[in-house]
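Below is one structure, written out as structure tokens; comments come after it.
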Amino acid sequence: MNAVLGSALLHVAEIAAIVLFILGLRFLSSPATARFGNRLAAVGMLIALVAVLGSSSGFGWWAILIGVVLGTVIGLVSALKVKMTAMPQMVALFNGAGGGAAAGVSSTQYLLWQRAHIFAVPMDPVTSVSLVISAIIGAVSAAGSVIAFLKLQELMTGRPVTYPGQQFVNGIVALSIAGLALWVMVTLGVEPVWAYGAMIVLALALGVLFVLPIGGADMPVVISLLNSFTGLAVAITGFELRYNTLIVAGTLVGASGTLLTILMSKAMNRSLTNVLFGAFGASGGMEVPAAGGGAQQVRATTPDDVAVMLAYAHQVVVVPGYGMAVAQAQHSVRELADQLEKKGVTVKYAIHPVAGRMPGHMNVLLAEANVPYNQLYDMDDINPEFPRTDVALIIGANDVTNPAARNVTSSPIYGMPILDVDKASNVVVLKRSMRSGFAGIENPLYEDPKTAMLFGDAKASVDGLVAAVKAL
């Protein structure tokens, strides 16, 4: 009777966790409800973990509990200590951990089946296929996420790393993985252990080779894609373990990551294959020398002059970019907006889908500064507003405001939808220097007669604007 009751409670917990995961994902689709959705998903995860603990016994119970405690500590410390500017790196690492966990579980299951085979217990086809696919995808996601982290953390170059015959090498590695995978699946795990090990090593190598040629400008797409890989690996692992919650959770992550990848590619007007194999950001663009090189003729300005422009404007559109994230200027930007609104100025924020280094990067930063959600506008909604905007205030957003995307056919970003900031009456750009953005190309917007450049740290510049506006 107790066993029947325990089994029933386990199924109820699984259903509850699945429902909360789905609702959490639904609420995450809007900035206004994202925090609530995150909490719902967290509660669902807690229920799932408690259910697993309740159904375990012996050493397994303690091993799972230790994992839960360690994961909780790491998660709490990361949430409290990691700066918002480093959030993309943390997302990449956590995503890699998920892929690595899926590969690790599959490898452990494989070794257990190998041991069982000694005692004449065969591996069934579903388990064999699941083990192989989950291990390969998880290993690729884990290794690729580590490279993405290193690029984002600037521990290695963010530019594409390419070499002659690169696609040929990748193809050979992929074919080798496929051959070993077929061997494992056809023989139902009876083949030597080294074959499975070689498959995992090659999958890790493919993950590295897969991300190396992708530049920093495409990191939002890469992070989304690797996230979908991890979700798929986790879902397949659920088939190995016969655990429905894992299957559903992995499917949700994989599906949402895939959809987000498609949306990111569409926002850049580039196919996914072009993102993955086009080496965007490599040499060949219109390179801009560092500050002081004098390659572009620009008009510098001062905080006092910009403050006058802003204070007497009817509408100001703020365009945040990675420069705002690096300087942690989001709170200062919110304070500036408050001061302008006190003077009767309408303030709106233009959010490009691939601004920053991960999907929704700017939304997260502005939400942290408690910017009202109704002031955040997607690209398609804000672009019609620029012709009636007095000042477009660009804070570090380079490539997503580059008019070359419209009319310079030789530009790497040609055809990418951009924010139409050049249609505003006045444009003010806050930058540290004249260095180029992720794409490594110059921005002709800076030479437009109605564009003024306010050089310096973004936070210091915005703080100067706040003080100047208050003084008017």
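The values are calculated or read from the model by the stated rules, or taken from the named source; none is laboratory data. On a predicted model such as this, the values are computed, not experimentally measured, just so you know. Neighbour counts run over all protein chains shown; Cβ positions are idealised from the backbone, glycine included. Each accessible area value is taken on the protein alone, full model and side chains, heavy atoms only, with ligands, DNA and RNA left out. Shrake-Rupley method; radii C 1.70, N 1.55, O 1.52, S 1.80 Å.
Do any of LYS343/LYS459; LYS151/LYS431; LYS348/LYS459; LYS83/LYS151; LYS83/LYS266; LYS151/LYS266 go past 25 Å between their Cα atoms, and which? Working shown, then result.
Numbers: LYS343/LYS459 22 Å; LYS151/LYS431 22 Å; LYS348/LYS459 19 Å; LYS83/LYS151 17 Å; LYS83/LYS266 29 Å; LYS151/LYS266 23 Å.
Going by Cα-Cα distance, LYS83/LYS266 fall outside the 25 Å limit.
Rounding to the nearest 20 debye, state how big the charge dipole of the chain is about its Cα centre with +1 on each Lys and Arg Cβ and -1 on each Asp and Glu Cβ.
Values: 26 positive and 26 negative charges, 83 e Å.
Dipole size: approximately 400 debye.
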Expressed in nm², what is the orientationally averaged projection area of the convex hull enclosing the Cα positions of the chain? 24.7 nm²
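Looking at the square roots a ≥ b ≥ c of the eigenvalues of the Cα gyration tensor of the range 68-214, which shape do they give, rounded for a/c under 1.5, prolate if a/b is larger than b/c, or oblate?
Details: a/c = 3.82, a/b = 1.40, b/c = 2.73.
Oblate is the answer for the range 68-214, as a/c is 1.5 or above yet b/c matches or exceeds a/b.
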Determine, from the Cβ-Cβ distance of ALA16 and LYS342 and an R0 of 41 Å, the FRET efficiency 1/(1 + (r/R0)^6), rounded to the nearest 0.05. 0.30
For the range 337-472, give the magnitude of the charge dipole about the Cα centre (Cβ charges: +1 Lys/Arg, -1 Asp/Glu; no others), in debye to the nearest 20. 280 debye
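Find the accessible area per residue for the range 10-152; the probe is 1.4 Å, ligands and nucleic acids are left out, and the unit is Å².
For the range 10-152, the solvent-accessible area averages 52 Å² per residue.
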Folded to 0 to 90 degrees: helix 193-211 orientation relative to the chain principal axis, Cα: 10 degrees
Among all stretches of the chain without exposed chymotrypsin sites (Phe, Trp or Tyr not before Pro) (DSSP loop, at most 15 other Cβ atoms within 10 Å), which one is longest? 120-311
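Ignoring any ligand, DNA or RNA, what whole percent of the accessible area of the range 317-395 comes from carbon and sulfur when the probe is 1.4 angstrom? Please report the intermediate quantities before stating the final value.
Values: 1180 of 2650 Å².
Carbon-and-sulfur percentage of accessible area, whole number: 45.
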Work out which trypsin sites (Lys or Arg not before Pro) in the chain are exposed loop sites (DSSP not H, G, I, E or B, at most 14 other Cβ within 10 Å) and give the longest gap free of them. 84-241
For the chain, what is the calculated [θ] at 222 nm in deg cm²/dmol (nearest 500), taking -39500 (n - 2.57) for each run of four or more DSSP H residues and dividing by its residue count? -20000 deg cm²/dmol
Length gained when the stretch LEU182-SER29 is fully extended (0.36 nm per residue, less Cα-Cα span): 51.2 nm
Starting from the Cα of THR302, step 7 Å along the direction of its Cβ; do the same at ASN269; then give the gap between the two resulting points in nm. 4.0 nm
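Which FRET efficiency value, to the nearest 0.05, do you get for VAL68 and ALA460 by plugging their Cβ-Cβ distance into 1/(1 + (r/R0)^6) with R0 = 56 Å? Each step should come with its number before you reach the end.
On the way: r = 44 Å, r/R0 = 0.78.
FRET efficiency, VAL68 to ALA460: 0.80.
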Label point distance in nm, ARG432-VAL208, each placed 7 Å from Cα along Cα→Cβ: 2.9 nm
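Relative contact order (percent) for the chain, with alpha-carbon contacts under 8 angstrom and 6 or more residues of separation?
Numbers: 812 pairs, mean separation 67.9, N = 472.
That works out to 14 percent.
Classify the range 131-188 as rounded, prolate or oblate from the Cα gyration tensor: take a ≥ b ≥ c as the square roots of its eigenvalues, call it rounded if a/c is under 1.5, otherwise prolate when a/b beats b/c and oblate if not.
Values: a/c = 6.12, a/b = 1.71, b/c = 3.57.
The shape class here is oblate.
At a threshold of 8 angstrom on Cα-Cα distance, excluding pairs fewer than six apart, so keeping six or more, what relative contact order does the range 395-472 reach in percent? The partial results should precede the final answer.
Details: 97 pairs, mean separation 23.7, N = 78.
Relative contact order of the range 395-472: 30 percent.
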Helix 458-471 sits at what angle to the longest principal axis of the chain, using alpha carbons and giving 0 to 90 degrees rounded to 10? 40 degrees
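Nearest 5 is fine: what % of DSSP beta bridges in the chain come out antiparallel, could you say? Walk me through the numbers before you get to the answer.
Working: 1 of 24 bridges.
Around 5 percent antiparallel, to the nearest 5.
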Any idea how far apart LYS450 and TYR373 come out in nm if each label point goes 7 Å out from Cα toward Cβ? 3.3 nm
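With a/c under 1.5 counting as rounded, go ahead and sort the range 132-260 into rounded, prolate or oblate using the C-alpha gyration tensor (a ≥ b ≥ c being the square roots of the eigenvalues; past the cut-off, prolate if a/b is larger than b/c, else oblate). Don't skip to the end; give the middle numbers.
Details: a/c = 2.51, a/b = 1.23, b/c = 2.04.
The shape class here is oblate.
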List residues of the range 319-341, by number, whose backbone nitrogen lies under 19 Å from a label position 7 Å along Cα→C-beta of ARG406. 319-320
